[in-house]
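Note sheet for the following structure.
The values are calculated or read from the model by the stated rules, or taken from the named source; none is laboratory data. None of the values given here were measured: they were computed from a predicted structure. Note: ideal-geometry Cβ built from the backbone for every residue, glycine included; neighbour counts use all protein chains shown.
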Amino acid sequence: MRVPLLDLAAQYESVAWDVEAAIQRVLASQRFILGPEVEALEDRLAAYCGTRFAVGVSSGSDALLASLMALGIGPGDAVLTTPFTFFATAGAIARVGATPVFADIGADLNLSPEAAERALKESPLKVRAIIPVHLYGRPCRMAELLDLAASHGLEVIEDAAQAIGADYEYRGRIWRTGSLGRLGCFSFFPSKNLGCLGDGGLVTTDDRGLAERVRLLRGHGAKPKYFHAHIGGNFRLDALQAAVVSAKLPHLESWTAARRAHAATYRRVLEERGLVRRGLVRLLPKPEESEGVRGHVYNQFVVRVPARDAVRQHLQAAGVGSEVYYPLPLHLQECFRYLGYHEGDLPRAEQAARDSLALPVYPELAEAQINYVVDCLEEALLRVPPPQIAAPEARLHA
């Protein structure tokens, strides 16, 4: 059996007619830059995310960049975020001339509010904003982060690139990711739960002024055409990509339900096999979910294992796809050496980079494939030398 990490071909079979019809519609219109396809998608996604406004942009990375620019964050400012995420989160901060400030993660692998508070107290820089990342599809502890931001007068930009459709209960109501901060940022990269055929992204907000600013910035800051009061960039969402996302959007709920069901199956099978009890596999804490709250949408299903790289090699040889998200935390990346961080400064992120492994969880996965993945994972873990399995408790639970 072969089980890829992601099977986009299987997904395409289920939506081919809708996607191809959408592409043909755009080809017939010959309107490829912004226009009615993008506007229609923006309206649908604003409603889906529970915000007043949504602005289509060229990628999730550009969504972050445009959001920072819209808030006027730049040289002399600092932005606090997690070191355990895709590079674009911190890269966008540096690209606007601001300084990334990193705080460690918690057991859920998201930004820790306690670590964020310590980082704010210790930083000599003028921190203007916080970017929490809803990693792998699980919302951060937003209530605490929002309270922390309010107490320090900070803006909040949600990086929800991996978490479209996830819910969070706050102040007695249910919120969607991307609706709690001043701005929310999403990605339509093909591997995301809602992906296009290349790059695409979205910015959400309840603030009309910020929405207008992002729209202005995505077109080189021109208003009217060829007249520039502001410097923006080419952050426009192509009409073709917008049409593809619109064609896939009606399927998102069923895809999300399938991902959540697969994650539940993994948890059950891993526990029934005794892999969790024996300490061979660490599961991330279950999200707190009340009725009507979807606290994880599983863009990735991640486990923590000893000798991760050796385990991954065994899985690959058995035909099972896996991935390491992310092998080197951002505070230790060469390009951020100037920030002065050293190994050991953010130990939980560093440990997660050593032992986290993503397993297949795409919607079209069959239960037999999940069982095969667990078979191969168990076989790999039993081949790990005992000293590596019996890692110190403090190391496993960092």
Just to verify a result, which residue in region 114-131, among those that are aliphatic (A, V, I, L, M) and not in a helix (DSSP H, G or I), is surrounded by the fewest Cβ atoms within 10 Å (Cβ to Cβ)?
L125
Inside region 246-261, can you point out the residues that are of a type outside the set (S, T, N, Q) and either in a loop (DSSP other than H, G, I, E, B) or closer than 24 Å to A16 by Cβ (or both)?
A247, K248, L249, P250, H251, L252, E253, W255, A257, A258, R259, A261
Just to be sure I understand, how many residues within region 29-71 are under 30 Å from P124 (Cβ atoms) and not in a loop (DSSP other than H, G, I, E, B)?
9
Do we have L109 as buried (at least 23 other Cβ atoms within 10 Å of the Cβ), among the hydrophobic types (A, V, I, L, M, F, W, C), in a loop (DSSP other than H, G, I, E, B) and in contact with a strand residue (DSSP E or B) (Cβ under 8 Å, 6 or more places away or on another chain) here?
yes
Could you look through region 347-359, keep only residues that are touching a Phe, Trp or Tyr at 6+ places or on another chain (Cβ under 8 Å) and outside any helix (DSSP H, G or I), and pick out the one that is nearest to V3 (Cα to Cα)?
L359
Hey, does region 124-132 have a residue that's at positive phi and not aromatic (F, W, Y)?
no
Number of positions in region 262-309 that are in a helix (DSSP H, G or I) and more than 26 Å from R173 (Cβ to Cβ)
11
Do you know which residues across region 72-95 are crowded, with 19+ Cβ neighbours inside 10 Å and part of a loop (DSSP other than H, G, I, E, B)?
I73, D77, T82, P83, F84, T85, F86
Residue that is farthest from the chain's Cα centre (by Cα), among those in region 191-237 that are among the basic types (K, R) and either surrounded by 15 or more Cβ atoms within 10 Å (Cβ to Cβ) or part of a loop (DSSP other than H, G, I, E, B) (or both):
K225
Number of the exception - V311 against (1) within 23 Å of A160 (Cβ to Cβ); (2) modelled with pLDDT of 95 or more
(1)
If I ask for residues that are charged (D, E, K, R) and either more than 26 Å from E271 (Cα to Cα) or assigned to a loop (DSSP other than H, G, I, E, B) (or both), which ones from region 323-338 would you list?
E334, R337
Of all residues in region 167-190 being in contact (Cβ under 8 Å) with a residue 40 or more places away in the chain and of a type in the set (K, R), which is surrounded by the fewest Cβ atoms within 10 Å (Cβ to Cβ)?
R182
Scan region 315-322 and give yes if some residue there is in contact with a Cys (Cβ under 7 Å, 6 or more places away or on another chain) and assigned to a helix (DSSP H, G or I), otherwise no.
yes
Cβ contacts < 8 Å: first residue in a loop (DSSP other than H, G, I, E, B), restricted to region 132-160; second residue surrounded by 24 or more Cβ atoms within 10 Å (Cβ to Cβ) and among the acidic types (D, E), any location; separation 6+ or different chain. Result?
P132/E158; P132/D159; H134/E158; H134/D159
Scan V26, V38, V96, V101 and give me the residue that is farther than 20 Å from A166 by Cβ and in contact with a Lys or Arg (Cβ under 9 Å, 6 or more places away or on another chain).
V38
Just for region 115-140: of the residues that are touching an Asp or Glu at 6+ places or on another chain (Cβ under 8 Å) and not hydrophobic (A, V, I, L, M, F, W, C), which one is farthest from G178 (Cα to Cα)?
K126
Taking region 24-43 as the search range and keeping residues that are without any contact (Cβ under 8 Å) to a residue 40 or more places away in the chain and of a type in the set (A, V, I, L, M), which one is surrounded by the fewest Cβ atoms within 10 Å (Cβ to Cβ)?
A28
Looking only at region 114-137, count how many residues are under 30 Å from E253 (Cα atoms) and of a type outside the set (V, I, T).
5
I'd like the full set of residues that are among the basic types (K, R), touching an Asp or Glu at 6+ places or on another chain (Cβ under 7 Å) and assigned to a loop (DSSP other than H, G, I, E, B), limited to region 161-184.
R182
